[in-house]
Amino acid sequence: LGAIAIYSRHWTLKKIEPEKILHVEMRSPEKFTLVWKQGAQVVNSIEVPRKDDVKTDSHNKKLVRYPDLAAKIADEWKNTGSHRDPSDKKLDQAVLHTDNETQYVYIVGVIDAIYNTHRKLTLPSGKTDDVPAFNVTFAVN
């Protein structure tokens with residue numbers, strides 16, 4: 001009979017934690033709800049009163065801004081965001097949740113509020129620049 005060789009390998013499994021994602025709920029006409037989730041786990045949740053700052057531009061188009069929401073998102077990112085180091089090329093993720101009835105101009109106002117938070121990023125040239133801290137995606141239901 002021939003010899004049988006048995007090889008043993010030791011695998012080290014490293015648990016990879018899911019990224020924290022900021023969910024911005026705008027279904028309520030009275031408030032926004034900011035929810036940081038890591039996978040299915042809620043890390044933090046806060047409500048922000050909804051104040052639609054509606055103006056008309058020089059072309060008679062409606063513009064909506066949410067300065068209070070923008071300020072609260074910036075605070076939340078400073079406390080909970082994952083990608084703050086200038087050498088980190090990744091952006092934090094934000095998901096905007098709305099219903100099917102929300103007008104586009106209000107959605108753009110919230111996206112602008114999310115993009116208002118900036119961070120330093122070291123570019124390939126070695127120069128550091130301010131960029132939005134979040135990559136925004138959109139969910140409707």
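The values are calculated or read from the model by the stated rules, or taken from the named source; none is laboratory data. All figures in this text were calculated on a predicted structure; none of them were measured in a lab. Please note: Cβ atoms are built from the backbone with ideal geometry, for glycine as well, and neighbour counts cover all protein chains shown. These accessible areas exclude ligands, DNA and RNA; they are computed on the full protein's heavy atoms, side chains included. Shrake-Rupley method; radii C 1.70, N 1.55, O 1.52, S 1.80 Å.
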The chain -> Rg/Rh from Cα coords, Kirkwood Rh, value 1.22
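Give me the net charge for the shell around ILE21: Cβ to Cβ below 10 angstrom, other residues only, Lys and Arg +1, Asp and Glu -1.
Details: positive: LYS20, LYS37; negative: GLU19, ASP92.
Local charge sum for ILE21: 0.
Exceeding 27 Å between C-alpha atoms, which entries from my cross-link table qualify? They are LYS37/LYS89; LYS55/LYS120; LYS37/LYS62; LYS55/LYS78. Intermediate results must be reported in sequence, preceding the final value.
Working: LYS37/LYS89 21 Å; LYS55/LYS120 31 Å; LYS37/LYS62 33 Å; LYS55/LYS78 29 Å.
Long pairs (Cα-Cα over 27 Å): LYS55/LYS120; LYS37/LYS62; LYS55/LYS78.
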Binning every alpha carbon pair distance of the range 52-128 at 10 Å from zero, what are the percents per bin? 17, 39, 28, 16, 1
Among the aspartates and glutamates, select those whose C-alpha is under 15 Å from the C-alpha of LYS127, and discard any that sit fewer than 8 residues away in the same chain. ASP85, ASP88
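Multiplying the sequence separation of LYS31 and HIS59 by 0.36 nm and subtracting their Cα-Cα distance, what value in nm do you get? If you can, show how the numbers build up before the last one.
Values: separation 28, 0.36 × 28 = 10.08 nm, distance 2.93 nm.
So the chain would gain 7.1 nm between LYS31 and HIS59.
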With runs of 4+ DSSP H residues as the only contributors, calculate the mean residue ellipticity of the chain at 222 nm using -39,500 (n - 2.57) per run, divided by the residue total and rounded to the nearest 500. -6000 deg cm²/dmol
How large is ³J(HN,Hα), in whole Hz, for each residue of the range 118-126 in order, when computed from phi with the Karplus curve 6.51 cos²θ - 1.76 cosθ + 1.60 and θ = phi - 60°, using x for Gly and Pro? 10, 9, 7, 9, 7, 7, x, 6, x
What trypsin sites (Lys or Arg not before Pro) does the range 94-141 have in DSSP loop regions with at most 12 other beta carbons within 10 Å? LYS127
To the nearest 10 square angstrom, how much accessible area does LEU63 have with a 1.4 angstrom probe? 70
On a 0 to 90° scale, report how tilted helix 67-80 is relative to the longest principal axis of the chain, with both axes built from alpha carbons and the result rounded to the nearest 10. 20
Find the accessible area per residue for the chain; the probe is 1.4 Å, ligands and nucleic acids are left out, and the unit is Å². 68
Accessible surface ranking that places the most exposed of VAL136, VAL24, VAL54 first, with a 1.4 angstrom probe: VAL54, VAL136, VAL24
On the Cα set of the range 27-66, report Rg and Dmax in Å, please. 15.0, 45
